[in-house]
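The values are calculated or read from the model by the stated rules, or taken from the named source; none is laboratory data. Computed from a prediction, not measured in an experiment: that's the story for all the values here. Because the Cβ atoms are built from the backbone with ideal geometry, glycine has one as well, and the counts that use them run over all protein chains shown. The protein model used for the area step is the full one, side chains on, heavy atoms only, and it has no ligands, DNA or RNA in it. Shrake-Rupley method; radii C 1.70, N 1.55, O 1.52, S 1.80 Å.
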Amino acid sequence: MVFILCGISFWSTAAIANANEEQASIITLWPKDAASQDTEGMGTPKPDRGDGHIRLTDITKPSMRVFPAPVKKGQEPAPAIILCPGGGYSHLVTTKMEPTAKWLNEHGISAFMLIYRAPKKRNEAFQDIQRAVRIVRSRASEWNIDPKRIGVMGSSAGGHLAAQVSTGFESKIYPQVDDLDAVSCKPDFTVLLYPAYMNQGKELSKEFAVSKEISPTLIVTAKDDKNHFRGSTVYAKALEEGGASIRVHFFEKGGHGFSLRPK
């Protein structure tokens with residue numbers, strides 16, 4: 001990964017080239033990080049496992065990669081989705097989310113890939129996704145986004161994180177740092193792709209507070225995902241019993257970690 005910072009203002013951006021030399025601008029989430037001129041803490045790629053995927057770790061300076069949808073003159077504001085890569089909270093498999101971001105762009109939807117803190121920083125990651133939703137909503141007009149149609153989509157551990165902000169949008173988990181933290185971090189919809197850590201046995205994981213106030217949720221997973229499929233059924237049942245809008249699509253086969261890539 002090559003990071004090139006383009007400014008040190010609060011909304012400093014950067015260009016990043018991945019292994020395929022594809023670029024996306026970058027926004028740092030927190031003022032203290034935006035003021036820095038270096039890229040330390042923005043993620044270290046782990047050695048390729050032979051599957052062609054890039055896994056980032058050692059992330060102490062969280063950010064978002066921006067994939068704006070093409071905007072035509074006079075076009076009405078469109079939806080946006082914040083993408084949360086998986087990786088067991090130890091790293092982020094960013095290359096599984098890049099095809100999704102491009103697919104969304106092709107359908108007129110802007111995408112923001114969240115590079116949340118890792119490894120093993122679940123509480124900090126929760127802070128990062130709350131902050132990310134607030135940033136996108138506060139800058140909606142800049143990207144021609146409808147501020148009432150901002151969703152989150154997460155895969156595996158990223159699905160767990162997306163569910164956390166979906167159910168915990170009222171939780172004040174960090175002190176307010178600026179005016180942006182007065183903006184709502186409630187997603188308008190949630191998509192969970194083979195989410196992990198959703199259950200403790202037959203019970204819902206304790207970090208989820210389910211109610212009818214949760215925004216509409218879609219869960220997509222496979223029944224042969226041996227370690228995590230049960231969590232999807234437990235979470236779906238909890239949302240249904242709580243009066244929330246829930247839809248599921250359970251593939252018979254697919255395992256864990258499938259994506260839009262041909263393999």
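I'd like to know if region 55-65 contains one or more residues that are over 14 Å from Ile129 (Cα atoms), among the basic types (Lys, Arg) and not in a strand (DSSP E or B). No, because not a single residue in region 55-65 is over 14 Å from Ile129 (Cα atoms), among the basic types (Lys, Arg) and not in a strand (DSSP E or B). Exactly one residue out of Ile129, Ile109 is surrounded by 24 or more Cβ atoms within 10 Å (Cβ to Cβ) and among the β-branched types (Val, Ile, Thr), and it is Ile129.
Just so you know, in region 36-50 the residues that are within 11 Å of Lys61 (Cα to Cα) and free of Cβ contacts under 8 Å to residues at least 60 places away in the same chain include one that is most open to solvent (accessible area, probe 1.4 Å), and it is Glu40. If you go through region 133-154 and keep only what is out of contact with any Pro (no Cβ under 8 Å at 6 or more places or on another chain) and under 13 Å from Leu180 (Cα atoms), you end up with Arg134, Ile135, Val136, Ser138, Arg139. Going residue by residue through region 113-124, is there one that turns out to be without any contact (Cβ under 8 Å) to a residue 60 or more places away in the chain and either open to solvent by less than 10 Å² (accessible area, probe 1.4 Å) or over 30 Å from Glu170 (Cβ atoms) (or both)? Taking every residue of region 113-124 in turn, at least one turns out to be without any contact (Cβ under 8 Å) to a residue 60 or more places away in the chain and either open to solvent by less than 10 Å² (accessible area, probe 1.4 Å) or over 30 Å from Glu170 (Cβ atoms) (or both). Counting only strands (runs of 3 or more DSSP E) wholly contained in region 182-262, the ones carrying 2 or more residues that are touching a strand residue (DSSP E or B) at 6+ places or on another chain (Cβ under 9 Å), over 24 Å from Gly88 (Cβ atoms) and at pLDDT 95 or above occupy 246-251.
Name the residues in region 190-213 that are open to solvent by 50 Å² or more (accessible area, probe 1.4 Å), of a type outside the set (Ser, Thr, Tyr) and under 18 Å from the mean Cα position of the chain (by Cα), would you?
So the first thing to find is which residues in region 190-213 are open to solvent by 50 Å² or more (accessible area, probe 1.4 Å), and the list is 197, 200, 202-203, 206-207, 209, 212-213.
Narrowing the set further to residues that are of a type outside the set (Ser, Thr, Tyr) leaves 200, 202-203, 206-207, 209, 212-213.
The one that is open to solvent by 50 Å² or more (accessible area, probe 1.4 Å), of a type outside the set (Ser, Thr, Tyr) and under 18 Å from the mean Cα position of the chain (by Cα): Glu207.
Of everything in region 113-155 that is of a type in the set (Val, Ile, Thr) and either in a loop (DSSP other than H, G, I, E, B) or under 18 Å from Val71 (Cα atoms) (or both), the residue that is farthest from the chain's Cα centre (by Cα) is Ile145. I'd like to know if region 227-246 contains one or more residues that are open to solvent by 20 Å² or more (accessible area, probe 1.4 Å) and touching a residue at least 40 places away in the same chain (Cβ under 8 Å). Yes. Against the numbered list (1) under 21 Å from Asp33 (Cβ atoms); (2) part of a loop (DSSP other than H, G, I, E, B), Gln75 comes up short only at (1). Of the residues in region 151-172, none is open to solvent by 10 Å² or more (accessible area, probe 1.4 Å), touching a residue at least 60 places away in the same chain (Cβ under 8 Å) and among the β-branched types (Val, Ile, Thr).
Quick check, is Ile81 under 25 Å from Asp179 (Cα atoms), open to solvent by less than 30 Å² (accessible area, probe 1.4 Å) and in a strand (DSSP E or B)?
yes
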